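Asks: A single structure is presented below for examination.
Coordinate-derived values only; no laboratory data. None of the values given here were measured: they were computed from a predicted structure.
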Amino acid sequence: MSARCPSGRPDRAGISSLRARVLGAAAPGGVLALLLLARPPEGIALEPGAEVLPPHALYGELFTRVQEEQVFADGKDFCDATPKGSPAEILARYRAATPRTPEELKRFVATHFTAPTTVGSGPASTGATTVPPRAAPAGASLIDHIDALWGVLTRQPADIPPYSSLLSLPRPFVVPGGRFREIYYWDSYFTMLGLLESGRADLTKDMVGDFAHLIDTYGRIPNGNRTYYLSRSQPPFFFAMVALLEPGHPERAFARYLTQLEREYAFWMDGASSVARGLARRRVVGLGGATRVRAPAPGQVLNRYWDDEDLPRDESYREDVALANRSGRDRRELYRDVRAAAESGWDFSSRWFADAHSLTSIDTTAIVPVDLNSLLFGLEQAIAAGCGEAHDEACQRAFREHARARRKAMDRYLWDPVRGAYFDYQWARGERIPRVSAATLYPLFVHAASPAQAASVARTTRRRLLKGGGVVTTTRNTGQQWDAPNGWAPLQWIAVAGFNAYGEAALAEEIACRWSVNVARAYRESGKLLEKYDVMNTDRPGGGGEYPLQDGFGWTNGVTRKLLALYPAHTDYRSVDECRRPRPAAHPGAAVDK
């Protein structure tokens, strides 16, 4: 069932019908149980005519061979290539021709597919992504350069070629850049921060509308608008995007998008009403004891990252198969954990490893993450606020209770008062994972921390995470891109917004200043804004990961533009030595008030 709302205006009849079923539940937990009727319990919920298949399912043994023989240096390029005929026709021709050598295979692929373009800034159907060395005139300021980049990275709605892996969107959107030719879920929130500072409220609204369309069509926001991303989502920032539409009165925007907020919540909470203690079902985990008979009590259900598939990722097929070959583990279990890490956005990080230094030990689905549960707390708060604005007091009370129960569970399982930080929780073993990471900042961003907890996190951040170029992702250097020495734009904003919300203005500005100086230095030297930065040795770019360093770059542009608007004096700083005198931010903000 879907109360469709492509325009952002809720179908009130659809909401009323859904809510009548939800709020009519008498048993404890019934509100959540019946809300889940907004989507089928398993698989991909598609509207009529929206059924899509990823490349591995369309091309079978041809797909496998192209990826294994590395016809494209980046396996994602084949997934993004446009076929010149139907998959059935191409596969039949492949079987008839049986290309024997690598050269013959390359010729066959070149004959039957159009590789994704890499020059210009064309519409979505072209996949064009190359970013010019300087989008603004030579000598332009960093702010002018960012403002000029939005046009380079914007894609217009376009007719999608038949059998393309792209999912159509109704409105313009911004892509990150580099190999990332499509819209990405959590990236887009941080991109929107900069769009608004650049006077592009229109494009921000368009992108929120695109994400609402994805929820209406697929019952979730996928990782990105590609068929091979449909089996997973990304960190649920949609509520925070919606809040940007009316920063003074976010409850009004929440009310307009209530259908989509509720439906996304149903996606993440599928199975919560029936999962037993000590077990997990899809993205929910039953906590509170070893018994596998009784359902968890209120406050004992938290969430994990997951993926509905347990196969190698289409876009990283060769890498995933090689990892499985090295691991000696059950392949499907490993693939699921790899995909779940991709849903987290932190792909990859020692956060997800049983052995902190080995990707083969990845164990994502066994972990209850701080960031995900913080964002779901924010989503529960947003739905409660939207219901209040819609004068639905029963719904408002129900979601306030969901948020209260989650915060209680986060305090019990994720908060460590001795170490003064939030930690991920290994639910199968029943213990916190004692590895400090920037995920500890998320409860402050959504206002789930107490003042005392926030003060402790501030001390931990100064002691363990704050480096010369900003906040480091973790304290371990493993060669993975979401570990030391890298810093990422989204984590800087989570830190700045969170600390400002709790009166830690000096720390917030210091983080903002160090990051902005680091980005500006790299821009002066290269004319580029990068996907990630080395914040421990600021003379080097960020590194690690499965693919070369990308430029562009959506969320770096967005966060840096926002921080320079909050702290305009930083625009002229050349050294972190100048990051000393704290000045209160003009609009510190965070996602949702408690």
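Asks: Counting alpha carbon pairs within less than 8 Å and at least 6 residues apart, what relative contact order, in whole percent, applies to the range 55-229?
Replies: That works out to 18 percent.
Asks: Give the distance, in whole Å, between the Cα centre of the range 460-501 and the Cα centre of the range 73-121.
Replies: Using only Cα atoms to place each centre, the spacing works out to 41 Å.
Asks: I'd like to know how the range 55-229 sits against the 2.2 N^0.38 Å rule of thumb: what's its Cα Rg over that expected value?
Replies: That ratio works out to 1.16.
Asks: Right, another one. Expressed in whole Å with the largest first, what are the equivalent ellipsoid semi-axes of the range 250-369 derived from the C-alpha gyration tensor as the square root of 5 times each eigenvalue?
Replies: 29, 20, 12
Asks: A further question follows. Please enumerate, by chain and number, the lysines with C-alpha under 22 Å from the C-alpha of Lys205, excluding those fewer than 8 residues away in the same chain.
Replies: Partners found: Lys562.
Asks: In whole Hz and in residue order, list the ³J(HN,Hα) couplings for the range 77-85 that follow from phi through the Karplus curve 6.51 cos²θ - 1.76 cosθ + 1.60, θ = phi - 60°; x for Gly and Pro.
Replies: Working through the residues one at a time gives 4, 5, 4, 8, 5, 9, x, 8, x Hz.
Asks: Straight distance only, please: which lysines reach the Cα of Lys408 with their own Cα at less than 29 Å, same-chain residues fewer than 8 apart left out?
Replies: Partners within reach: Lys594.
Asks: Sticking with this structure for a sec: Using amide H atoms built in the peptide plane, which far-off residues or other-chain residues are under 5 Å from Lys467 H to H?
Replies: For Lys467, the qualifying residues are Val472.
Asks: Now, a different point. Under the rule of at least 5 residues apart or a separate chain, name every residue whose amide H is placed under 5 Å from the amide H of Arg281.
Replies: Gly286
Asks: Now a separate question. If amide hydrogens are placed 1.01 Å from N in the peptide plane, which non-local residues have theirs closer than 5 Å to the one on Arg226?
Replies: Result for Arg226 returns Leu167.
Asks: Moving on to the next point. Using square roots of five times the C-alpha gyration tensor eigenvalues, list the equivalent-ellipsoid semi-axes of the range 303-396 in whole Å, biggest first.
Replies: The answer is 35, 13, 9 Å, longest axis first.
Asks: Please list 3J(HN,Hα) in residue order for the range 484-492, calculated via the Karplus relation 6.51 cos²θ - 1.76 cosθ + 1.60 where θ = phi - 60°; whole Hz, with x for glycine and proline.
Replies: Each residue's phi maps through the Karplus curve to give 4, x, 7, x, 10, 3, x, 6, 5 Hz.
Asks: If you don't mind, there's one more thing I want to ask. What lysines could a cross-link reach from Lys84, if we take a straight Cα to Cα line under 23 Å and drop same-chain neighbours fewer than 8 places away?
Replies: Lys76, Lys106
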